[in-house]
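Participant: Can you keep this structure in mind? I'll have questions shortly.
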Amino acid sequence: MEGPQWARIEDTAILCSPQKAKLGDNLAITVNFKLNGGIRRNFTRDLWEKAYDEHDAGLLMIFWVELLRNRPLLSKPIKTDKFKRRAIFFWTRNPELPYRVWMTVATEFETILYPKTEVEAQDMLFSVTRNFELPAKELGQGKHDLSAKIKVRWGRHVFTERGTTSGKTEAPVTVEIE
């Protein structure tokens, strides 16, 4: 299923530091967004347990973030970042968790995160911050409007259907290079 019934990209933002740079500087660009909708709403402990019982051991999310330089007629891609996040369901005997099945989040940095609550698990998996470093000389002198295009894909599971969604940052950030 496509589109809004399963997921939508919200709270998008793009930030750049510094916004006035010299040609030899590096720009630090940050893209933030959240994945909301049915996939986030259905990502609950009860459904993790049901998925685990049906041998559905996790959820793989594939994200693409494309940094764009906006032009009057055409946006030109500058950098693209593809990364994955995986939720893994497991049987636990952890005395801090009163549940039989819990989950971890494996990130693209090969770190494994152990959330304490459902809300924390949802934030770890569906709230994204990506950082880009870009030499100012790649953009050249002048004013440049930068934005980001985002795409997310996931497969069919007990708690969701297969789907994709995409979005763009709401307002571009303007960078001036001297």
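Participant: Cut-off 10 angstrom, C-alpha nodes, Gaussian network model of the chain. Which of GLY142, GLY38, GLY155 fluctuates the most?
Facilitator: Highest fluctuation of the listed residues: GLY142.
Participant: Sticking with this structure for a sec: Translational D (Stokes-Einstein, µm²/s) of the chain at 37 °C and 0.692 mPa s when Rh comes from the Kirkwood sum over C-alpha pairs?
Facilitator: Approximately 185 µm²/s, per Stokes-Einstein.
Participant: Then there is this: Each label point is 7 Å from the Cα along the Cα-to-Cβ direction; what then is the distance between the points at PHE83 and LYS20, in nm?
Facilitator: 3.1 nm
Participant: Which far-off residues, 5 or more places away or on another chain, put their amide H under 5 Å from the one on HIS157, with H placed in the peptide plane?
Facilitator: Under 5 Å from the amide H of HIS157 lie the amide H atoms of ARG162, each far enough along the sequence or on another chain.
Participant: Which number comes out as Rg/Rh for segment 43-143 once both Rg and the Kirkwood Rh are worked out on C-alpha atoms?
Facilitator: Here Rg/Rh amounts to 1.17.
Participant: Ordering SER147, SER166 by how much accessible area each has at a 1.4 Å probe, largest first, what is the list?
Facilitator: SER166, SER147
Participant: Given a 1.4 angstrom probe, I'd like the percentage of the accessible area of segment 1-90 that is carbon and sulfur, rounded to a whole number.
Facilitator: For segment 1-90, the apolar C and S fraction of the accessible surface comes to 52 percent.
Participant: If you don't mind, another one. Given charges of +1 on the Cβ of Lys and Arg and -1 on the Cβ of Asp and Glu, with all other atoms neutral, how large is the dipole of the chain about its Cα centre, in debye to the nearest 20?
Facilitator: Details: 28 positive and 24 negative charges, 91 e Å.
In debye, rounded to 20, the chain gives about 440.
Participant: Relative contact order for segment 20-178: what percent, with Cα pairs under 8 Å and sequence separation of 6 or more?
Facilitator: Relative contact order of segment 20-178: 34 percent.
Participant: Using the scaling law 2.2 N^0.38 Å as the reference, what is the normalised Cα Rg of segment 117-178? Don't skip to the end; give the middle numbers.
Facilitator: Numbers: Rg = 17.2 Å, N = 62, 2.2 N^0.38 = 10.6 Å.
So segment 117-178 has a normalised radius of gyration of 1.63.
Participant: Which value does Rg/Rh take for segment 19-61 over its C-alpha atoms, Rh per Kirkwood?
Facilitator: That ratio is 1.39, to two decimals.
Participant: Taking N as the number of residues in segment 23-94, what value does Rg over Cα atoms divided by 2.2 N^0.38 Å take?
Facilitator: With N residues counted in segment 23-94, Rg over 2.2 N^0.38 Å equals 1.69.
Participant: Which of these, PHE89, PHE132, PHE159, has the largest mean-square fluctuation under a Gaussian network model of the chain (Cα springs below 10 Å)?
Facilitator: Of PHE89, PHE132, PHE159, the Gaussian network model singles out PHE132 as fluctuating most.
Participant: Suppose all protein chains stay in the model; what accessible area per residue would a 1.4 Å probe give for the chain, in Å²?
Facilitator: Value for the chain: 55 Å² per residue.
Participant: Could you tell me which trypsin sites (Lys or Arg not before Pro) in segment 45-118 are loop residues by DSSP with no more than 15 other beta carbons within 10 angstrom of their beta carbon?
Facilitator: ARG93, ARG100, LYS116
Participant: Per residue, what volume in Å³ does the Cα convex hull of segment 101-143 take up?
Facilitator: Convex hull volume per residue, Cα atoms: 95 Å³.
Participant: Counting each DSSP H run of 4 or more residues in the chain as -39500 (n - 2.57), what helix-only mean residue ellipticity at 222 nm follows after dividing by all residues, to the nearest 500 deg cm²/dmol?
Facilitator: The helix-only estimate for the chain comes to -3500 deg cm²/dmol at 222 nm.
The values are calculated or read from the model by the stated rules, or taken from the named source; none is laboratory data. Keep in mind it's a predicted model, so treat the numbers as computed, not measured. We place every Cβ from the backbone using ideal geometry, glycine too, and count neighbours over all the protein chains shown. The accessibility values were calculated without ligands, DNA or RNA, using every heavy atom of the protein model including side chains. Shrake-Rupley method; radii C 1.70, N 1.55, O 1.52, S 1.80 Å.
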